[in-house]
1. Could you check HIS51 against (1) closer than 28 Å to LEU254 by Cα; (2) under 25 Å from the mean Cα position of the chain (by Cα); (3) surrounded by fewer than 16 Cβ atoms within 10 Å (Cβ to Cβ) and say which number it fails?
2. Please count how many residues of region 241-252 are more than 20 Å from ALA275 (Cα to Cα) and surrounded by fewer than 17 Cβ atoms within 10 Å (Cβ to Cβ).
3. Kindly provide the set of residues from region 20-31 that are of a type in the set (A, V, I, L, M, F, W, C) and in contact (Cβ under 8 Å) with a residue 24 or more places away in the chain, ordered by number.
4. Sort out which residues of region 138-167 are within 13 Å of HIS201 (Cβ to Cβ), more than 13 Å from the chain's Cα centre (by Cα) and of a type in the set (A, V, I, L, M, F, W, C), and write them in order of number.
5. For region 127-143, state whether one or more residues are touching a Gly at 6+ places or on another chain (Cβ under 6 Å), closer than 18 Å to VAL76 by Cα and not basic (Lys, Arg).
6. Across region 1-35, what is the number of residues that are closer than 21 Å to PRO202 by Cα, modelled with pLDDT under 90 and outside any loop (DSSP other than H, G, I, E, B)?
7. From GLY120, GLY104, GLY143, GLY160, grab the single residue that is at pLDDT 90 or above, closer than 28 Å to ILE8 by Cβ and surrounded by fewer than 22 Cβ atoms within 10 Å (Cβ to Cβ).
8. Determine the pairs where a residue that is polar (S, T, N, Q), located within region 1-19, has a partner that is surrounded by 13 or more Cβ atoms within 10 Å (Cβ to Cβ) with Cβ atoms under 6 Å apart, the partner being 6 or more residues away or on another chain.
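The values are calculated or read from the model by the stated rules, or taken from the named source; none is laboratory data. All values derive from a computational prediction rather than experimental measurement. Here Cβ is always computed from backbone atoms with ideal geometry, including for glycine, and neighbour counts include all displayed protein chains.
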Amino acid sequence: MGISDKTILFPNLHITLLNVGKNINIGGFTIAYYGIIIAIGMILAMFLILHEAKRVGIKQDDMMDVFLFAIIFGVVGARLYYVIFSWDLYKDNLISILYLREGGLAIYGGVIGGVLAILGVCLKKKLNFWKVIDLAAMGVLVGQICGRWGNFFNREVFGGYSDGLFAMGLPLSGIRSLDDVTMEMMQNTYKVGEFEFITVHPTFLYESVWNLGVLLFLLWYRKRQKFYGELFAFYLMLYGIGRFWIEGIRTDQLKLWNTDIPVSQVVAVLMIIGAVCYMIYMRRTHKQDIPAEA
């Protein structure tokens, strides 16, 4: 098969992927790769969370309840967050808010919804919220590491023009939306066969690798943490740092109403400040200290 609108290039790495589809057909049903990847991420996150629950003395049945409610409310939160900051897309057709298959989920909304669900389950089951939220942070990272590759298959969530080592070439006819294409990209298009390509920052890759690094740090640090909630605080801080940088080069930013300020950068700064303040407070007061053998 030759060059097509399904081709993805990494020209400076001399990598050509000729047939990167967005979905697969099984028994007459069309299943998006994005959905498959999200499902894989959820399964891997569940296994990690259940393993860690056993290590810290939380019943796996209780943790499974936490996981299920966090997933449900996380999806609801992710959708509501996206809709709120993209209201012009939905205000004239409210039923389209329910069309999840068309995309439109935001991770920050998912985190907020998931945290609220976890708090509710912990109150109901009398679980240590801070101990549970530490485990949840690692599960969220697994989901994020996997989930970003769904953006790769959808040709979406990319950054501005790049000619760097990891620059990614996408055919204009194959991307999710021409609204994500900047003037600089158009000024640097090139043809491969019959197709016109743009080269962009593969922000999906940047964020996936960054999150992998954060997860590895948390896995290393978890037996050294000083208090419950510290892992979650590190997640908020470190993910916030990475997201602030990556959001700055994305071309599909959600903006604060009537401004050019990216919502995700504002939230990232608030996450970083909140996490740092929490860690300073806990270290100074020595609250929720974890026994050395934990």
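1. (1)
2. Of the residues in region 241-252, 3 are more than 20 Å from ALA275 (Cα to Cα) and surrounded by fewer than 17 Cβ atoms within 10 Å (Cβ to Cβ).
3. VAL20
4. PHE158, LEU165, PHE166, ALA167
5. Yes, region 127-143 has at least one match.
6. The qualifying residues number 5.
7. GLY160
8. Sorted first by the residue in region 1-19, then by its partner, the pairs are ASN12/ALA167; THR16/LEU9; ASN19/LYS6.
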